[in-house]
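The values are calculated or read from the model by the stated rules, or taken from the named source; none is laboratory data. As the structure is a prediction and not an experimental result, all values here were calculated from the model. So basically every Cβ, Gly included, is an ideal-geometry build from the backbone, and we count neighbours across all protein chains shown. Side chains are part of the model used for accessible areas, which takes the heavy atoms of the whole protein and leaves out ligands, DNA and RNA. Shrake-Rupley method; radii C 1.70, N 1.55, O 1.52, S 1.80 Å.
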Amino acid sequence: MTTLVIGGAGYIGSHVVRLLLDKGERVIVVDDLSTGFRSRTEGAELLELDVTLPDAVEKLAFALRSSGADSVIHFAAHKQVGESVENPEMYWHDNVGGLANVLAACASADVRDVVFSSSAAVYGVPDVDLVTEDLAPQPINPYGATKYVGEWMLADAERAHDMRTVALRYFNVAGAGWPELADTQVMNLVPIILNALEKGRTPTVFGDDYDTPDGTCIRDYVHVLDLAHAHIAALDYLRGEERPHRVFNVGTGEGSSVLEVIDAVARVKGIDITPEIGPRRAGDPARLICSGDRIAQHLGWKSEHGLEDIVRSAVEARAQAVDPS
Ligand code: WQD
(Lines give C-alpha, C1' and ligand atoms only; values in the text may rest on other atoms or scores of the structure.)
Protein backbone atom coordinates (compact mmCIF):
# COMPACT_ATOMS: atom_id res chain seq x y z
CA MET A 1 0.00 0.00 0.00
CA THR A 2 1.07 3.60 -0.52
CA THR A 3 0.21 6.36 1.93
CA LEU A 4 0.70 10.11 1.65
CA VAL A 5 1.49 11.48 5.12
CA ILE A 6 1.00 15.22 5.22
CA GLY A 7 3.02 16.64 8.09
CA GLY A 8 5.02 13.41 8.26
CA ALA A 9 8.22 15.26 9.25
CA GLY A 10 6.58 16.31 12.50
CA TYR A 11 6.58 14.72 15.95
CA ILE A 12 3.47 12.52 15.66
CA GLY A 13 3.52 12.14 11.88
CA SER A 14 7.07 10.80 11.84
CA HIS A 15 6.08 8.05 14.31
CA VAL A 16 3.30 6.98 11.94
CA VAL A 17 5.70 7.11 8.97
CA ARG A 18 8.13 4.85 10.87
CA LEU A 19 5.38 2.29 11.59
CA LEU A 20 4.16 2.29 7.97
CA LEU A 21 7.73 1.79 6.69
CA ASP A 22 8.25 -1.02 9.21
CA LYS A 23 5.16 -2.67 7.70
CA GLY A 24 6.84 -2.52 4.29
CA GLU A 25 4.48 0.14 2.98
CA ARG A 26 5.53 2.91 0.61
CA VAL A 27 5.30 6.33 2.25
CA ILE A 28 5.41 9.73 0.67
CA VAL A 29 5.84 12.51 3.21
CA VAL A 30 4.46 15.91 2.26
CA ASP A 31 5.83 18.60 4.55
CA ASP A 32 6.95 22.23 4.31
CA LEU A 33 9.61 21.56 6.97
CA SER A 34 8.51 24.71 8.81
CA THR A 35 8.47 22.83 12.12
CA GLY A 36 9.33 19.28 11.02
CA PHE A 37 12.74 17.82 10.16
CA ARG A 38 13.93 16.05 7.01
CA SER A 39 15.90 13.66 9.23
CA ARG A 40 12.64 12.29 10.64
CA THR A 41 11.49 11.12 7.19
CA GLU A 42 14.37 8.70 6.53
CA GLY A 43 13.17 5.78 4.41
CA ALA A 44 10.24 7.70 2.98
CA GLU A 45 10.04 9.85 -0.13
CA LEU A 46 9.73 13.55 0.69
CA LEU A 47 7.72 16.14 -1.22
CA GLU A 48 8.55 19.53 0.27
CA LEU A 49 5.29 21.45 -0.08
CA ASP A 50 3.17 23.93 1.86
CA VAL A 51 -0.34 22.52 1.44
CA THR A 52 -1.91 25.88 2.27
CA LEU A 53 -0.64 27.47 -0.96
CA PRO A 54 -3.02 27.97 -3.92
CA ASP A 55 -1.11 25.61 -6.21
CA ALA A 56 -1.00 22.84 -3.59
CA VAL A 57 -4.16 21.12 -4.87
CA GLU A 58 -2.65 20.47 -8.29
CA LYS A 59 0.70 19.37 -6.85
CA LEU A 60 -0.92 17.08 -4.28
CA ALA A 61 -3.27 15.59 -6.88
CA PHE A 62 -0.29 14.88 -9.14
CA ALA A 63 1.61 13.25 -6.25
CA LEU A 64 -1.43 11.11 -5.42
CA ARG A 65 -1.96 10.00 -9.02
CA SER A 66 1.68 9.42 -9.89
CA SER A 67 2.34 7.43 -6.71
CA GLY A 68 -0.89 5.45 -6.93
CA ALA A 69 -1.54 6.36 -3.30
CA ASP A 70 -4.31 4.44 -1.56
CA SER A 71 -4.75 6.79 1.41
CA VAL A 72 -3.83 10.07 3.03
CA ILE A 73 -3.10 10.88 6.67
CA HIS A 74 -3.29 14.61 7.39
CA PHE A 75 -1.32 15.98 10.34
CA ALA A 76 -0.09 19.36 9.10
CA ALA A 77 -1.61 22.12 11.26
CA HIS A 78 -0.80 24.75 13.84
CA LYS A 79 -1.60 23.42 17.32
CA GLN A 80 -0.95 26.08 19.93
CA VAL A 81 -4.11 27.12 21.78
CA GLY A 82 -2.73 30.46 22.96
CA GLU A 83 -1.37 31.33 19.51
CA SER A 84 -4.75 30.51 17.99
CA VAL A 85 -6.45 33.02 20.28
CA GLU A 86 -3.97 35.74 19.29
CA ASN A 87 -3.89 34.91 15.58
CA PRO A 88 -7.13 33.13 14.60
CA GLU A 89 -6.75 34.15 10.94
CA MET A 90 -3.63 32.05 10.57
CA TYR A 91 -5.43 29.05 12.11
CA TRP A 92 -8.48 29.44 9.86
CA HIS A 93 -6.34 29.93 6.76
CA ASP A 94 -3.77 27.19 7.42
CA ASN A 95 -5.61 24.54 9.42
CA VAL A 96 -8.93 24.75 7.56
CA GLY A 97 -7.56 25.96 4.21
CA GLY A 98 -4.82 23.34 4.20
CA LEU A 99 -7.30 20.55 4.83
CA ALA A 100 -9.59 21.94 2.12
CA ASN A 101 -6.72 21.71 -0.37
CA VAL A 102 -5.93 18.15 0.72
CA LEU A 103 -9.53 17.01 0.33
CA ALA A 104 -9.82 18.72 -3.07
CA ALA A 105 -6.69 16.90 -4.21
CA CYS A 106 -8.03 13.57 -2.94
CA ALA A 107 -11.31 14.13 -4.80
CA SER A 108 -9.44 15.07 -7.96
CA ALA A 109 -7.16 12.02 -7.76
CA ASP A 110 -9.99 9.73 -6.62
CA VAL A 111 -8.20 8.80 -3.38
CA ARG A 112 -10.95 7.77 -0.98
CA ASP A 113 -9.32 7.02 2.39
CA VAL A 114 -8.40 9.91 4.70
CA VAL A 115 -7.32 9.85 8.35
CA PHE A 116 -7.44 13.25 10.04
CA SER A 117 -5.57 14.48 13.11
CA SER A 118 -8.27 16.01 15.32
CA SER A 119 -8.05 16.88 19.00
CA ALA A 120 -9.68 16.69 22.40
CA ALA A 121 -9.70 20.48 22.11
CA VAL A 122 -12.98 20.12 20.19
CA TYR A 123 -14.64 19.34 23.53
CA GLY A 124 -13.64 22.62 25.20
CA VAL A 125 -14.13 22.34 28.97
CA PRO A 126 -16.50 19.38 29.44
CA ASP A 127 -17.80 18.80 32.94
CA VAL A 128 -17.86 14.99 32.83
CA ASP A 129 -15.69 12.27 34.35
CA LEU A 130 -15.04 10.48 31.05
CA VAL A 131 -15.33 12.16 27.64
CA THR A 132 -17.11 10.05 25.03
CA GLU A 133 -17.48 10.89 21.34
CA ASP A 134 -21.21 11.43 21.91
CA LEU A 135 -20.45 14.53 23.98
CA ALA A 136 -21.40 17.60 21.92
CA PRO A 137 -18.17 19.42 20.95
CA GLN A 138 -17.95 22.97 22.25
CA PRO A 139 -14.48 24.25 21.35
CA ILE A 140 -13.45 27.34 23.33
CA ASN A 141 -10.55 28.48 21.17
CA PRO A 142 -9.84 28.86 17.45
CA TYR A 143 -7.49 25.86 17.45
CA GLY A 144 -10.21 23.53 18.72
CA ALA A 145 -12.72 25.15 16.37
CA THR A 146 -10.51 24.45 13.33
CA LYS A 147 -10.33 20.79 14.33
CA TYR A 148 -14.10 20.54 14.71
CA VAL A 149 -14.64 22.29 11.36
CA GLY A 150 -12.16 19.80 9.89
CA GLU A 151 -14.38 16.96 11.05
CA TRP A 152 -17.37 18.58 9.30
CA MET A 153 -15.29 18.90 6.12
CA LEU A 154 -14.51 15.19 6.20
CA ALA A 155 -18.22 14.41 6.50
CA ASP A 156 -18.96 16.67 3.52
CA ALA A 157 -16.22 14.97 1.49
CA GLU A 158 -17.68 11.55 2.33
CA ARG A 159 -21.07 12.60 1.00
CA ALA A 160 -19.76 14.45 -2.07
CA HIS A 161 -17.01 12.07 -3.19
CA ASP A 162 -17.80 8.74 -1.52
CA MET A 163 -14.70 9.12 0.64
CA ARG A 164 -14.03 7.00 3.73
CA THR A 165 -12.70 9.09 6.62
CA VAL A 166 -11.66 8.84 10.25
CA ALA A 167 -10.96 11.73 12.63
CA LEU A 168 -8.82 10.85 15.64
CA ARG A 169 -9.35 13.14 18.65
CA TYR A 170 -5.99 13.09 20.40
CA PHE A 171 -5.88 13.62 24.14
CA ASN A 172 -2.52 14.60 25.66
CA VAL A 173 0.29 13.12 23.59
CA ALA A 174 3.78 12.77 25.03
CA GLY A 175 6.87 10.53 25.05
CA ALA A 176 8.99 9.21 22.20
CA GLY A 177 8.79 5.92 20.31
CA TRP A 178 12.33 6.48 19.08
CA PRO A 179 14.65 9.09 20.65
CA GLU A 180 15.32 10.73 17.30
CA LEU A 181 11.61 11.35 16.81
CA ALA A 182 11.07 13.03 20.18
CA ASP A 183 9.02 16.20 20.43
CA THR A 184 11.51 19.05 20.10
CA GLN A 185 8.92 21.76 20.73
CA VAL A 186 8.48 22.97 24.30
CA MET A 187 4.75 23.57 24.23
CA ASN A 188 3.26 20.91 26.48
CA LEU A 189 3.65 19.82 30.08
CA VAL A 190 6.22 17.00 29.78
CA PRO A 191 8.73 18.81 27.53
CA ILE A 192 8.16 22.02 29.53
CA ILE A 193 9.11 20.23 32.76
CA LEU A 194 12.20 18.60 31.21
CA ASN A 195 13.30 21.85 29.59
CA ALA A 196 12.93 23.76 32.89
CA LEU A 197 15.00 21.17 34.77
CA GLU A 198 17.72 21.26 32.10
CA LYS A 199 17.92 25.01 32.54
CA GLY A 200 18.09 24.71 36.31
CA ARG A 201 14.61 26.16 36.69
CA THR A 202 11.68 24.84 38.72
CA PRO A 203 8.53 23.77 36.84
CA THR A 204 5.41 25.82 37.58
CA VAL A 205 2.03 24.27 38.28
CA PHE A 206 -0.78 26.33 36.77
CA GLY A 207 -3.10 26.31 39.75
CA ASP A 208 -3.57 23.86 42.62
CA ASP A 209 -7.08 24.86 43.63
CA TYR A 210 -9.05 22.75 41.17
CA ASP A 211 -11.70 20.29 42.28
CA THR A 212 -9.35 17.30 41.92
CA PRO A 213 -7.71 15.04 44.53
CA ASP A 214 -4.47 17.03 44.68
CA GLY A 215 -5.92 20.30 43.37
CA THR A 216 -4.06 20.19 40.05
CA CYS A 217 -5.50 19.56 36.59
CA ILE A 218 -5.95 16.02 35.37
CA ARG A 219 -5.26 14.97 31.78
CA ASP A 220 -5.21 11.72 29.79
CA TYR A 221 -1.58 11.30 28.68
CA VAL A 222 -1.13 8.91 25.75
CA HIS A 223 2.21 7.61 24.48
CA VAL A 224 2.98 8.91 20.99
CA LEU A 225 3.83 5.35 19.89
CA ASP A 226 0.40 4.13 20.98
CA LEU A 227 -1.15 7.07 19.17
CA ALA A 228 0.80 6.20 16.02
CA HIS A 229 -0.56 2.65 16.14
CA ALA A 230 -4.07 4.11 16.32
CA HIS A 231 -3.49 5.64 12.86
CA ILE A 232 -2.49 2.27 11.44
CA ALA A 233 -5.63 0.77 12.96
CA ALA A 234 -7.66 3.62 11.44
CA LEU A 235 -6.30 2.86 7.94
CA ASP A 236 -7.25 -0.80 8.37
CA TYR A 237 -10.72 0.23 9.59
CA LEU A 238 -11.26 2.34 6.46
CA ARG A 239 -10.49 -0.65 4.27
CA GLY A 240 -13.06 -2.75 6.12
CA GLU A 241 -16.71 -3.22 5.21
CA GLU A 242 -18.40 -2.01 8.38
CA ARG A 243 -17.62 1.61 9.33
CA PRO A 244 -20.33 2.80 11.74
CA HIS A 245 -18.27 5.73 13.10
CA ARG A 246 -16.01 8.46 11.71
CA VAL A 247 -14.74 9.99 14.95
CA PHE A 248 -12.67 8.29 17.65
CA ASN A 249 -11.10 9.51 20.89
CA VAL A 250 -7.50 8.43 21.39
CA GLY A 251 -6.43 8.25 25.01
CA THR A 252 -5.79 5.77 27.81
CA GLY A 253 -8.93 6.24 29.92
CA GLU A 254 -6.59 6.99 32.84
CA GLY A 255 -6.03 10.47 34.26
CA SER A 256 -2.84 11.93 35.71
CA SER A 257 -2.59 15.24 37.56
CA VAL A 258 0.09 17.81 36.94
CA LEU A 259 1.71 16.93 40.28
CA GLU A 260 1.61 13.23 39.38
CA VAL A 261 3.42 13.98 36.11
CA ILE A 262 6.04 16.00 37.96
CA ASP A 263 6.45 13.18 40.49
CA ALA A 264 6.90 10.69 37.63
CA VAL A 265 9.66 12.85 36.16
CA ALA A 266 11.33 13.03 39.59
CA ARG A 267 11.18 9.22 39.94
CA VAL A 268 12.53 8.54 36.46
CA LYS A 269 15.35 11.07 36.85
CA GLY A 270 16.02 10.06 40.49
CA ILE A 271 15.77 13.63 41.75
CA ASP A 272 13.52 15.68 44.03
CA ILE A 273 11.34 18.31 42.36
CA THR A 274 9.43 20.92 44.36
CA PRO A 275 7.41 22.82 41.76
CA GLU A 276 6.33 26.42 42.00
CA ILE A 277 2.58 26.84 42.36
CA GLY A 278 1.39 29.57 40.03
CA PRO A 279 -1.99 30.97 39.07
CA ARG A 280 -4.50 29.06 36.99
CA ARG A 281 -4.16 29.24 33.19
CA ALA A 282 -7.29 30.55 31.45
CA GLY A 283 -9.31 27.90 29.65
CA ASP A 284 -7.95 24.88 31.53
CA PRO A 285 -10.59 22.30 32.41
CA ALA A 286 -10.03 20.59 35.76
CA ARG A 287 -10.09 17.16 34.14
CA LEU A 288 -10.07 15.82 30.60
CA ILE A 289 -10.02 12.01 30.43
CA CYS A 290 -11.22 10.06 27.44
CA SER A 291 -13.39 7.02 27.17
CA GLY A 292 -11.58 4.63 24.85
CA ASP A 293 -14.54 2.27 24.44
CA ARG A 294 -15.41 3.17 20.85
CA ILE A 295 -11.85 2.87 19.46
CA ALA A 296 -11.31 -0.38 21.36
CA GLN A 297 -14.54 -1.87 20.01
CA HIS A 298 -14.26 -0.74 16.39
CA LEU A 299 -10.52 -0.35 15.73
CA GLY A 300 -9.31 -2.94 18.22
CA TRP A 301 -6.91 -0.35 19.65
CA LYS A 302 -5.94 0.19 23.28
CA SER A 303 -3.00 2.08 24.76
CA GLU A 304 -0.13 -0.13 25.92
CA HIS A 305 1.99 2.42 27.78
CA GLY A 306 1.31 4.22 31.06
CA LEU A 307 2.55 7.52 32.44
CA GLU A 308 5.86 6.09 33.70
CA ASP A 309 6.66 4.69 30.22
CA ILE A 310 5.75 8.00 28.63
CA VAL A 311 7.95 10.01 30.98
CA ARG A 312 10.85 7.53 30.80
CA SER A 313 10.84 7.61 26.99
CA ALA A 314 10.79 11.41 27.01
CA VAL A 315 13.63 11.63 29.54
CA GLU A 316 15.75 9.09 27.64
CA ALA A 317 15.14 10.91 24.35
CA ARG A 318 16.22 14.22 25.85
CA ALA A 319 19.38 12.55 27.19
CA GLN A 320 20.22 11.42 23.65
CA ALA A 321 19.04 14.62 21.97
CA VAL A 322 20.93 15.49 18.83
CA ASP A 323 20.32 18.58 16.76
CA PRO A 324 17.73 17.38 14.24
CA SER A 325 18.24 18.65 10.70
C1 WQD B 1 -1.42 20.01 30.46
C2 WQD B 1 -1.72 20.41 31.90
C3 WQD B 1 -1.81 22.78 32.24
C4 WQD B 1 2.44 23.58 31.56
C5 WQD B 1 -3.07 21.05 24.92
C6 WQD B 1 -3.99 21.45 23.82
C7 WQD B 1 -4.67 20.22 23.27
C8 WQD B 1 -3.64 19.20 22.87
C9 WQD B 1 -2.72 18.89 24.02
C10 WQD B 1 -3.23 19.32 20.49
C11 WQD B 1 -2.69 21.59 31.98
C12 WQD B 1 -0.67 22.16 33.04
C13 WQD B 1 1.20 22.96 31.67
C14 WQD B 1 3.07 24.09 32.72
C15 WQD B 1 1.24 23.33 34.04
N16 WQD B 1 -2.89 19.65 21.75
N17 WQD B 1 0.62 22.85 32.89
N18 WQD B 1 2.44 23.93 33.91
O19 WQD B 1 -3.59 22.28 27.71
O20 WQD B 1 -4.14 19.87 28.35
O21 WQD B 1 -3.80 20.47 25.96
O22 WQD B 1 -2.14 20.13 24.43
O23 WQD B 1 -4.16 18.69 20.13
O24 WQD B 1 -5.41 20.61 22.16
O25 WQD B 1 -4.97 22.28 24.38
O26 WQD B 1 -1.86 20.43 27.49
O27 WQD B 1 0.49 20.23 28.09
O28 WQD B 1 -0.50 22.55 27.76
O29 WQD B 1 -1.10 21.22 29.77
O30 WQD B 1 0.70 23.21 35.15
O31 WQD B 1 4.20 24.67 32.67
O32 WQD B 1 -0.50 20.88 32.50
O33 WQD B 1 -2.47 23.77 33.03
O34 WQD B 1 -3.54 21.40 33.09
P35 WQD B 1 -3.42 20.83 27.47
P36 WQD B 1 -0.65 21.16 28.23
Just to verify a number: what accessible area does TRP178 come out at with the full protein assembly present, 1.4 Å probe, Å² rounded to tens?
60
Among the aspartates and glutamates, select those whose C-alpha is under 15 Å from the C-alpha of LYS269, and discard any that sit fewer than 8 residues away in the same chain.
GLU198, GLU260, GLU308, ASP309, GLU316
Calculate the FRET efficiency for GLU86 and LEU21 from the Cβ-Cβ distance with a Förster distance of 41 Å, rounded to the nearest 0.05.
0.65
Could you put PHE206, PHE248 in order of accessible surface area, largest first, with the 1.4 Å probe and the full protein assembly present?
PHE206, PHE248
So which aspartates and glutamates can LYS59 reach, going by Cα to Cα under 18 Å and dropping same-chain residues fewer than 8 places off?
ASP31, ASP32, GLU45, GLU48, ASP50, ASP70, ASP94, ASP110
Per-residue SASA entry for SER66, accessible area with 1.4 Å probe, Å² rounded to 10:
80
Provide SER118, SER39 ordered by accessible surface of protein heavy atoms (probe 1.4 Å), highest first.
SER39, SER118
Helix-only CD estimate at 222 nm, as mean residue ellipticity for the chain, using -39500 (n - 2.57) per DSSP H run (n ≥ 4)
-11500 deg cm²/dmol
Given bins 10 angstrom wide, list per bin the percent of all Cα-Cα distances in region 1-113, short to long.
16, 47, 31, 6, 0
With Cα atoms, 0 to 90° folded angle of helix 11-22 axis to the chain main axis
60
Calculate how steeply helix 258-269 sits against the longest principal axis of the alpha-carbon atoms of the chain, using the helix alpha-carbon long axis, and give the answer as 0 to 90 degrees to the nearest 10.
90
Might you report the magnitude of the Cβ-based charge dipole of the chain about its Cα centre, with Lys and Arg at +1 and Asp and Glu at -1, to the nearest 20 debye?
340
Percent relative contact order of region 144-265, based on C-alpha pairs within less than 8 angstrom and at least six residues apart?
34
Give the relative contact order (percent, whole number) for the chain; include only Cα pairs under 8 Å separated by 6+ residues.
19
Subtract the Cα-Cα distance of ASP272 and GLU304 from 0.36 nm times their separation in residues, and report this length gain in nm to one decimal.
8.8 nm
In degrees, nearest ten, helix 189-198 long axis to first principal axis of the chain (Cα)
60
Percentage relative contact order, region 1-144, counting C-alpha pairs under 8 Å, at least six apart
24
For LYS23, go through the aspartates and glutamates and keep the ones whose alpha-carbon is under 14 Å away, minus same-chain ones fewer than eight residues off.
ASP236
